[in-house]
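Data block below; observations after.
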Amino acid sequence: MSAPIRADLALVGFGNVARRFVGLLDECRAGLAHDHALECRIVGAATRRRGSLYRAQGLESAQLMGNWGGQPVATSSALQIIEHLRESDADLRVVVETTTLDIRAGQPAIDHLRAGISAGCHVITANKGPVAFAYAQLRDEAKAAGVQFLFEGVVMDGVPVFNLVRETLPAATLRGFRGVVNSTTNHVLTALEHGEDFDAAVARMQAEGIAEADPSLDLDGWDAAAKTAALANVLLDARLTPHDVRRTGIQRSDGERARSAKAAGRRLKLVASAVRTAPGAVSAVVEPSELAASDLLASLDGKANALVFQTDVLGEIAICQLEGSLAHTAYALLSDLITLRRRQEQPAAPARRIP
């Protein structure tokens, strides 16, 4: 059994995902100690609206879930919490970033991660923005600082998409990918096929915490574009932002198209794809597409997602997520935390060469 180590965590953002992560840490505390010799303490949390909390000895879950009693503060409170974390004597100091996606430039999440890296902390995020807008820079900054930058929850929640390609496909070259990566739009299109109301289908996703109060990022294709850019940046060594992805979302009028496609034995899906077109060049698209019934992506109903990777030696490889939830995204954060623990004793493999 490895010697036990302690991880002190600072949460930047405390919405639905972060709250579920706190609960998951409590549920898995005994298993983390027994299976991974890992003790986790949340010592700080910061939000723009509720204020911030910090206690070097650790915060109880009840404190985090209750009324903080703080006044609204500026975004800089997150940077102050990170500075407090710098002083921790824990074996692992980890910034967990779960603020919402800013589709304009990925801020302030990028600044939060940079502050964590500069403070000598590992950084974990479920926010697509940093990977979609600044992956290469953050990767290089983390490497130079001797810390880890992890983000498995950015696409398909806790399904190990990035790790699948980067760590389990040695000597295979990824040429491109295609997939259904947004649960809200897939649920809406499935509902439209059955004659359901567009707004009612969106409202269900909002009630489950899958879609935001303003669902336009999902419906207009921006969420899928951000995920596409993130996948391309990490797996195809692209330098894309969501604004470089050719994008078309879904709208109420797609109901007739979805029903007509289904009647013809086809399915209408919002498909995200990217392909290497030349050395150093990647083309990426998000758009509604009518798919043959035999297409794996056509079989996805409701909140299901899937990605199909095109490789040189293994042909096409698919990975599916049949259900998505806040718990799955929170699990991705926990998975990254365990990865950090494992790498304390087993250094990460050298970065893969990407042609």
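Considering segment 198-256 alone, what residues qualify as being β-branched (Val, Ile, Thr) and either closer than 22 Å to ALA18 by Cα or under 19 Å from the mean Cα position of the chain (by Cα) (or both)? Matches in segment 198-256: ILE210, THR228, VAL234, THR241, VAL245. Figure legend. Inter-residue proximity from segment 130-150: first residues closer than 15 Å to PHE162 by Cα, second residues acidic (Asp, Glu) and surrounded by fewer than 20 Cβ atoms within 10 Å (Cβ to Cβ), beta-carbon distance below 9 Å, spacing 6+ or different chains. Indicated pairs: ALA136/ASP237; PHE149/GLU141. Confirm whether ILE317 is over 17 Å from THR228 (Cβ atoms), at pLDDT 95 or above and in contact with a His (Cβ under 8 Å, 6 or more places away or on another chain). Against the criterion (over 17 Å from THR228 (Cβ atoms), at pLDDT 95 or above and in contact with a His (Cβ under 8 Å, 6 or more places away or on another chain)), ILE317 does not qualify. Output the strands (runs of 3 or more DSSP E) that fall wholly within segment 1-111 and possess 3 or more residues being farther than 30 Å from HIS243 by Cβ and at pLDDT 95 or above, or say none. So the answer is 5-12, 38-46, 92-97. When ASN163 is tested against the conditions (1) over 30 Å from ARG341 (Cβ atoms); (2) assigned to a helix (DSSP H, G or I); (3) touching an Asp or Glu at 6+ places or on another chain (Cβ under 7 Å), the lone failure is (1). When residues in segment 22-57 are screened for being out of contact with any Gly (no Cβ under 7 Å at 6 or more places or on another chain), under 22 Å from ASP111 (Cα atoms) and of a type in the set (A, V, I, L, M, F, W, C), 2 of them pass. The residue that is surrounded by the fewest Cβ atoms within 10 Å (Cβ to Cβ), counting only those in segment 163-177 that are of a type outside the set (S, T, N, Q) and in contact with a helix residue (DSSP H, G or I) (Cβ under 7 Å, 6 or more places away or on another chain), is VAL165.
One line per residue, one yes/no per condition, for (1) touching a Phe, Trp or Tyr at 6+ places or on another chain (Cβ under 9 Å); (2) surrounded by 15 or more Cβ atoms within 10 Å (Cβ to Cβ); (3) in the same structural domain as THR99 (by TED's automatic domain parsing); (4) of a type outside the set (Lys, Arg):
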| residue | (1), (2), (3), (4) |
| --- | --- |
| GLN251 | yes, no, no, yes |
| ALA261 | no, yes, no, yes |
| LYS269 | no, yes, no, no |
| PRO288 | no, yes, no, yes |
| ALA293 | no, no, no, yes |
| LEU296 | no, yes, no, yes |
| ASN305 | no, yes, no, yes |
| THR311 | no, yes, no, yes |
| ALA332 | yes, yes, yes, yes |
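Condition check: farther than 22 Å from TYR331 by Cβ and crowded, with 22+ Cβ neighbours inside 10 Å. Does LEU11 satisfy that? In short, no. Number of residues in segment 137-162 that are surrounded by fewer than 21 Cβ atoms within 10 Å (Cβ to Cβ) and at positive phi: the value is 1.
Quick one: how many residues across segment 202-230 are crowded, with 21+ Cβ neighbours inside 10 Å and among the small types (Gly, Ala, Ser)? Residues that pass the stated criteria total 7. Inclusion of ILE124 among residues that are part of a loop (DSSP other than H, G, I, E, B), within 22 Å of ASP237 (Cα to Cα) and in contact (Cβ under 8 Å) with a residue 60 or more places away in the chain is not warranted.
The values are calculated or read from the model by the stated rules, or taken from the named source; none is laboratory data. It should be emphasised that the depicted structure is a prediction, and the values quoted were computed from it without experimental measurement. Cβ: placed from backbone, ideal geometry, glycine included. Neighbour counts: every protein chain shown.
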